[in-house]
Amino acid sequence: YLREDELNEESKKLLLTLPKERGWLASHIYNYQGFWIAPRHLQGVIACQQQFQAQDSDIILVTSPKSGTTWLKALVFALVNRIRFPFSEQNHPLLVNNPHDLVPFLELKLYIDGQVPNFSSFTSPRLLSTHLPYGSLPKSVQHSKNKLVYLCRNPRDIFISLFHFTNNLRIENMGTNSIEEMLDLFCKGVSLYGPFWNHVLDYWKKSIENPKKVLFLMYEEMKEQPEIQLKRLAEFLGCSFSIEEEKSGVVDEILKMCSFENLSNLEVNKNEKLSTGEENKVFFRRGKVGDWKNYFTLEMTEKLNHIIEQKFQGSGLLF
Ligand code: A3P
């Protein structure tokens, strides 16, 4: 991970002015525009806010980290490209690339570390992704007709997933974080791109106000009713399945291709790394609903329940 002293001057100066807390990845996490961000990512956030120009046809996938981003990227890639890349092909892009390389993050990949992205190799619609809260999206994303797909997940499972993920990625000499310490931070809203509740509620409200712009999906519902949710997604993106496709089993083929079992066992996802340095295997841990039950004490459960109730009360969202 790039250290704070390797950031550009503008970001370094800005960091000095921002509120900070103990970090999940680096030693500190900073509050920028009301959300928490690791120092390495600040520069990319600012660059994409200033420079990214959305096109009406763009499809932008949005998540809070550990909501199932990797799965959503795979599903949308397979769905949108199902004619160009049939599933019978041995070299289907999803069999030889990690989904994060097929649907890149704006702030974490395309604009990271002062890079200037080259969009000329993208086909239309461009598939992109971000973890940014709604209010911090580049203005052109908020104002053009592009589509946003938001994937949400039970905060208890997100917390456990984030706890494992960040301990995996922490620089070795920084030691690991304890689960109690991190739950304290999570409940205070101090988590990557958090507070988690603000992130979810902003997109939830937008999806109700403007259902053509924002589709709100839940990880647990995708696990429980994958066909129904994939069809919803296809309809929202304007690429519904034809009757012939449904009969020939295309829906199932997409789900099988993108399943945890399939993706996590591919050579590329077992042994290779992203260009940004993370090993692909860190994005595949258990892929289950309810793993939090294996970690939470009664006290931890009550603590998180309390804040979940308080924050989501009256929103129509239940966790
Ligand atoms: P767990 O840590 O609970 O296993 P993200 O992709 O947003 O980083 O989220 C990662 C979480 O999604 C991890 O959760 C990971 O195992 C799970 N995941 C990855 N690929 C998946 C897939 N194809 N289907 C379901 N879950 C998946």
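The values are calculated or read from the model by the stated rules, or taken from the named source; none is laboratory data. The structure presented is a predicted model; accordingly, all values stated were derived computationally and were not measured. Methodologically, a virtual Cβ is constructed for each residue, glycine included, from the backbone with ideal geometry; neighbour enumeration extends over all protein chains shown. Note: accessible area is taken over every heavy atom of the protein model, side chains too, but ligands, DNA and RNA are not part of it. Shrake-Rupley method; radii C 1.70, N 1.55, O 1.52, S 1.80 Å.
For the modelled label position 7 Å from the Cα of Q142 along Cα-to-Cβ, which residues of segment 175-204 have backbone nitrogen atoms closer than 20 Å? Flagged as within label range: 193-204. Over all projection directions, the Cα-based convex hull of segment 238-289 averages an area of 5.6 nm².
Ellipsoid semi-axes for segment 63-184, based on the Cα gyration tensor and the rule √(5λ), read 28, 19, 16 Å when sorted largest first. Counting only protein heavy atoms and using a 1.4 Å probe, what share of the accessible area of segment 162-216 belongs to carbon plus sulfur, as a whole percent? Roughly 52 percent of what the probe reaches on segment 162-216 is carbon or sulfur.
In whole Å, what is the distance between the alpha-carbon centres of segment 1-76 and segment 260-316? Each part reduced to its Cα centre gives a spacing of 19 Å.
Per residue, the chain exposes an accessible area of 47 Å² to a 1.4 Å probe, with every protein chain left in place.
Counting only protein heavy atoms and a probe of 1.4 Å, the accessible surface of segment 248-319 is 48% carbon and sulfur.
Springs between Cα atoms under 10 Å define the GNM used for the chain, and in it the highest mean-square fluctuation of K247, K20, K281 occurs at K247. Under Stokes-Einstein, with the Kirkwood radius over Cα pairs as Rh, the value for the chain at 25 °C and 0.890 mPa s is 121 µm²/s. Computed over every Cα-Cα pair of segment 21-119 and binned at 10 Å starting from 0, the pair-distance distribution P(r) comes out as 13, 37, 34, 13, 3 percent. Just round it to a whole percent: the fraction of Cα-Cα distances in segment 158-264 exceeding 17 Å. Value for segment 158-264: 69 percent of Cα pairs lie more than 17 Å apart. Find the centroid of the Cα atoms in segment 85-132 and in segment 176-191, then give the distance between the two in whole Å. About 31 Å separates the Cα centre of segment 85-132 from the one of segment 176-191.
Computed about the Cα centre, the dipole magnitude for segment 19-75 is approximately 320 debye when only Lys and Arg (+1) and Asp and Glu (-1) carry charge, each at its Cβ.
The amide H of R126, built 1.01 Å from its N in the peptide plane, has D58, I59 as neighbours under 5 Å, considering only residues 5 or more places off or on other chains. With 27 Å as the limit on Cα-Cα distance, the pairs of K270/K303; K139/K205; K109/K247; K231/K293; K231/K303 that go past it are K270/K303; K109/K247; K231/K293; K231/K303. From the Cα gyration tensor of segment 119-188, with a ≥ b ≥ c the square roots of its eigenvalues, which class applies: rounded if a/c is under 1.5, or else prolate if a/b is larger than b/c, or else oblate? Prolate. Is segment 64-105 best put as rounded, prolate or oblate by its Cα gyration tensor, with a ≥ b ≥ c the root eigenvalues, rounded for a/c under 1.5, and otherwise prolate when a/b is larger than b/c, oblate when not? Prolate, since a/c reaches 1.5 and a/b exceeds b/c.
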